[in-house]
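One structure below.
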Amino acid sequence: MAQKKLIRFAEITTFKNVLQYPEGTAGKWHEYFNNSNPIIVELACGKGEYSIGLGQQYPDKNFIGVDVKGNRIWVGAKKALEKSMEHVAFLRSQIGMINAYFSLGEVEEIWLPFPDPQLRISKTKNRLTHPIFLRKYKQILRPGGYIHLKTDSPVLYTFTKLVIESYGLTLHEDSNDVKKELSDNKALQIRTHYESLDIANSNRVHYLKFSIIDDLDTSKDDWLLEQVKLIEKKTTDEQTDYETN
């Protein structure tokens, strides 16, 4: 396995559709794609299933999958090359650095399909819908640009709804069960590797589509953490009581 990763790491350095920790990309993505089409970003893209899937559905838009794992990016990047999808690219870097690679308002939409829910309360600030990350997204999104969250984690789903309500974000769509409620939405039928694993063992996929209009009040962040502690501890205690009885 280690040898396989080394081979992939070496290969992606030759892939024209992979940029690794690049400099000077902010404001230059339309030049990179050689068109003026909207730019859609998939964060924590893993193997790039969504960048590829959306790219197939929307050839008139540009897609950029972002992840720090070069071994995973290799999978999506190779597929895009094999399919001659010149409107799909991959950026290797930490998501916390995302606003260094895009200029103000350069991104049309952001997709978060099955990100790590970071279930431990001590890891709350690592959740990709935490205000710490949302403030970065706001910088690169066009005014009113959409953020899409697709997850099988009820914890991340509930947490994100709390953030949307508490910070005055605009909620456009909310589905507790994509299969039952949004089966006609083709974009939501794209399946990622992690979706197929059903790690949450919920047999249900949640979806939120929202946008950020105003700045997120930093003074609320400590309050948010306290709410998370109360809500998620209560949920854990109730689950424990249910299993015990």
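What follows draws every value from the coordinates through simple rules; no lab data is involved. The structure presented is a predicted model; accordingly, all values stated were derived computationally and were not measured. Note that each Cβ is placed from the backbone with ideal geometry, even for glycine, and that neighbours are counted across all protein chains shown.
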Quiz item: So how much slack lies between S183 and E108, counting 0.36 nm per residue of separation and subtracting their Cα-Cα distance, in nm?
Solution: 24.6 nm
Quiz item: What is the fewest-to-most order of K78, K220 by other Cβ atoms lying within 10 Å of their Cβ?
Solution: K220, K78
Quiz item: Going by average Cβ neighbours within 10 Å, how do the peptides 209-217, 147-155 rank, with the highest at the top?
Solution: 147-155, 209-217
Self-check item: Gyration tensor verdict on the chain (Cα atoms; rounded if a/c is under 1.5, prolate if a/b is larger than b/c, oblate otherwise)
Solution: prolate
Quiz prompt | Estimated FRET transfer efficiency when R0 is 41 angstrom, pair Q56-R120 (beta carbons, to 0.05) | solution = 0.70
Quiz item: With each label point set 7 Å from Cα along the Cα-Cβ vector, what nm distance links E82 and N176?
Solution: 4.1
Quiz item: For K16 and K229 in one chain, what is 0.36 nm times their gap in residues minus the Cα-Cα distance, to one decimal in nm?
Solution: 72.2 nm
Quiz prompt | Two-site FRET efficiency, N37 against T218, from Cβ-Cβ distance with R₀ of 25 Å, rounded to 0.05 | solution = 0.15
Practice problem: Quick one: net charge around A77, please, counting Lys, Arg +1 and Asp, Glu -1 for every other residue with C-beta under 14 Å from its C-beta. | Solution: +3
Self-check item: In order through region 114-120: 3J(HN,Hα) via Karplus (6.51 cos²θ - 1.76 cosθ + 1.60), integer Hz, x for Gly, Pro
Solution: 6, x, 4, x, 6, 5, 5
Quiz item: What ranking do R142, R120 get, fewest neighbouring Cβ atoms within 10 angstrom at the top?
Solution: R120, R142
Quiz prompt | Mean separation of Cα contacts under 8 Å (6+ apart) over length of the chain, as relative contact order % | solution = 18
